[in-house]
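A short write-up of the structure that comes next.
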Amino acid sequence: MKPVPFDPKLHHGLLELWRKPWDETMTPDALPQTGFVVPDKAAGFLYRTDSSVALIEGIIAAPGLSKEVRNEAVNAIVAAIRDEARRLGFKLLLGYSQLDAIMERAKRFGFIHVGPGFHMVALDLTKPDP
């Protein structure tokens with residue numbers, strides 16, 4: 001699966017549809033300029049800062065996907081965000097979640113756990129991938 005850059009005009013409707021079961025809405029202007037989507041499967045975003053730190057956030061998958069397809073799509077999104085953050089010169093990529101499954105995926109990508117409560121993870125973009 002190959003993620004493509006997120007285009008609000010093309011892809012925002014998918015996000016709204018995928019968030020509907022949780023009664024969540026998000027307007028296009030609330031999303032960062034940098035995001036990726038595996039059409040009809042998953043999306044995620046890179047929040048850029050004016051420092052050497054960026055944030056991976058807003059990862060979502062379409063409901064009803066098989067576990068295998070969902071994992072492949074989300075892994076592709078995480079890899080695309082990681083690669084873009086590195087390309088843009090960021091040195092640290094932070095992410096957080098309350099879900100253990102997200103923490104386990106992050107570890108597979110080389111993130112380390114850095115905080116209690118929410119699972120805060122960090123990826124040193126200056127090091128090679130595991």
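Exactly one of these conditions fails for Tyr47: (1) among the hydroxyl-bearing types (Ser, Thr, Tyr); (2) surrounded by 14 or more Cβ atoms within 10 Å (Cβ to Cβ); (3) over 25 Å from Gly110 (Cβ atoms). Give me its number.
Here Tyr47 clears every test but (3).
For the range 1-23, which positions are hydrophobic (A, V, I, L, M, F, W, C) and at pLDDT below 85?
Those that are hydrophobic (A, V, I, L, M, F, W, C) and at pLDDT below 85: Leu14, Leu15, Leu17, Trp18, Trp22.
If a residue has to be at pLDDT below 80 and surrounded by fewer than 16 Cβ atoms within 10 Å (Cβ to Cβ) to count, how many in the range 101-130 make the cut?
Adding up the residues that qualify gives 6.
When you check Arg19 against the structure, is it surrounded by fewer than 17 Cβ atoms within 10 Å (Cβ to Cβ), touching a residue at least 40 places away in the same chain (Cβ under 8 Å) and out of contact with any Phe, Trp or Tyr (no Cβ under 6 Å at 6 or more places or on another chain), yes or no?
For Arg19, the condition - surrounded by fewer than 17 Cβ atoms within 10 Å (Cβ to Cβ), touching a residue at least 40 places away in the same chain (Cβ under 8 Å) and out of contact with any Phe, Trp or Tyr (no Cβ under 6 Å at 6 or more places or on another chain) - is met.
Run Lys9 past the list (1) surrounded by 15 or more Cβ atoms within 10 Å (Cβ to Cβ); (2) out of contact with any helix residue (DSSP H, G or I) (no Cβ under 6 Å at 6 or more places or on another chain); (3) not hydrophobic (A, V, I, L, M, F, W, C) and report the number of the one that doesn't hold.
Looking at each condition in turn, Lys9 falls short on (1).
Tell me, yes or no, whether the range 110-126 has at least one residue that is in contact with a Pro (Cβ under 7 Å, 6 or more places away or on another chain) and more than 29 Å from Lys20 (Cα to Cα).
yes
Go through the range 83-98 and count every residue that is touching a residue at least 40 places away in the same chain (Cβ under 8 Å) and not aliphatic (A, V, I, L, M).
Number satisfying all stated conditions: 3.
The values are calculated or read from the model by the stated rules, or taken from the named source; none is laboratory data. These numbers come from a predicted model, not from an experiment. FYI the Cβ positions are ideal-geometry reconstructions off the backbone, even for glycines, and counts take in every protein chain you see.
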